[in-house]
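Undergrad: Please read through the structure below; I'll follow up with questions.
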Amino acid sequence: ALPISANYTAWHYLRRCIKDTGVDVRQELQYVEKLALKNPKNYQVWFHRRRLVELLGDATQEKEFTAACIEADSKNYHAWSHRQWAVRTFGLWDGELAYTQDLLRQDPRNNSAWNHRFFVLTASEGKLSESDIESEVEFAFSHIRRAPNNESPWNYVQGVALRGERGLETLRSAVEALAEKFPACRFAQALLGEILSKEDSDESMARAQELFLNLATKTDTIREKYWRFCAHKLGERGKE
């Protein structure tokens, strides 16, 4: 056992020994699993495990292993990064959307799960179909209604919509309803303002400008200068 788990020189030497002596890699994986659970945010432990999986050429245990680490700490960057590497490298896409759905059902504020869902959705397929986009947009909005002030699903729904032919316009009616239902939600106001600012009508630009000024003076005063700048730019555009 390594008394100092962050000793990268010792880890490197250990890997050379494993490779040259023909040690059972699966047995070594069990040893590393114990170390990772004990030292969940240690770079060397995770790097060593990745190299072992590459040497073995089999990542079938990695989903279960990372799920256990994520259950212990849902924001463990190393566990999520390792899972994404294993999924992408070995094509283990099946079940990943369902996995994130379960996590988000338990906690809609699990920002790491939102990140992973977007990774899976955009990396495992080619261009998203309109039906895929419609389904994911509704999925995101269902969680926004549960926790409207959580930024992650707002970012997620925009990223998904921008992969469709209509872009953010797809979201307009739902965002308008949410902005009315949650008037103190800065994310709803900001997104509605952005959508309206892309339209050519004077009415839409005036509404967007009003939303930006409301953000500056009431809803998001910490970013007052930014929102006043957005409102000013719209006013200048209206004069052209």
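Undergrad: Express the relative contact order of the stretch 41-182 as a whole percentage, based on alpha carbon pairs under 8 Å and six or more residues apart in sequence.
TA: This gives 17 percent for the stretch 41-182.
Undergrad: Over the chain, what is the relative contact order in percent, taking alpha-carbon pairs closer than 8 angstrom and at least six residues apart?
TA: 9 percent
Undergrad: Rounded, prolate or oblate: which one fits the stretch 182-240, using the alpha carbon gyration tensor with axes a ≥ b ≥ c (rounded when a/c is under 1.5, else prolate when a/b beats b/c, else oblate)?
TA: It is oblate, given that a/c is not under 1.5 and a/b is not larger than b/c.
Undergrad: Okay, moving on. Could you do me a favour and compute the accessible area per residue for the chain, 1.4 Å probe, result in Å²?
TA: Accessible area per residue, the chain: 56 Å².
Undergrad: Would you mind working out the magnitude of the charge dipole of the chain relative to its Cα centre, with +1 at each Lys and Arg C-beta and -1 at each Asp and Glu C-beta, to the nearest 20 Debye?
TA: The calculation lands at about 1040 debye.
Undergrad: May I pose another question? By per-residue mean of other Cβ atoms within 10 Å, what is the highest-first order of 108-118, 21-31?
TA: The peptides rank, most packed first, as 108-118, 21-31.
Undergrad: OK, next. Over what distance in Å are the Cα centres of the stretch 110-188 and the stretch 36-74 separated?
TA: Result: 30 Å between the Cα centres.
Undergrad: Sticking with this one: Leaving out ligands, DNA and RNA, and with a 1.4 Å probe, what % of the accessible surface on the stretch 76-208 is carbon or sulfur?
TA: 46 percent
Undergrad: Name the lysines eligible as straight-distance cross-link partners of Lys233: C-alpha to C-alpha under 26 Å, and not fewer than 8 places from it in the same chain.
TA: Lys198, Lys218, Lys225
Undergrad: Another question about this same structure. Tell me the label only: which of (i) 35, 29, 15; (ii) 59, 20, 17; (iii) 46, 19, 15 is semi-axes √(5λ) of the Cα gyration tensor in Å as calculated from this structure?
TA: The calculated read-out lines up with (iii).
Undergrad: Would you mind checking the pairs Lys34/Lys63; Lys75/Lys181; Lys41/Lys63; Lys38/Lys63; Lys19/Lys41 and listing those with alpha carbons more than 22 angstrom apart?
TA: The answer is Lys75/Lys181; Lys19/Lys41.
Undergrad: Turning to a different aspect of this structure: Which order do peptides 40-52, 84-96 fall in by mean Cβ count within 10 Å, highest first?
TA: Going from most to least packed, we get 40-52, 84-96.
Undergrad: Another question, then. What number, rounded to the nearest 500 deg cm²/dmol, is the helix-based mean residue ellipticity at 222 nm of the chain, given -39500 (n - 2.57) per DSSP H run of at least four residues and division by all its residues?
TA: -22500 deg cm²/dmol
Undergrad: I've got another one for you. With an 8 Å cut-off on Cα pairs and a minimum separation of 6 or more residues, tell me the relative contact order of the stretch 99-240 in percent.
TA: Once normalised by length, the contact order is 15 percent.
Undergrad: Between Glu169, Glu136, Glu64, find the one with the highest GNM mean-square fluctuation for the chain; connect C-alpha pairs within less than 10 Å.
TA: Looking only at Glu169, Glu136, Glu64, the largest GNM fluctuation is found for Glu64.
Undergrad: Still on this structure: Give, as a single signed number, the net charge of other residues whose beta carbon lies under 14 Å from the beta carbon of Ile18, with Lys and Arg counted +1 and Asp and Glu -1.
TA: Overall, the nearby charge balance is +3.
The values are calculated or read from the model by the stated rules, or taken from the named source; none is laboratory data. All figures in this text were calculated on a predicted structure; none of them were measured in a lab. No Cβ is skipped: glycine too gets one built from the backbone with ideal geometry, and neighbour counts run over all protein chains shown. In case anyone asks, the SASA skips ligands and DNA or RNA and just uses the protein heavy atoms, side chains included. Shrake-Rupley method; radii C 1.70, N 1.55, O 1.52, S 1.80 Å.
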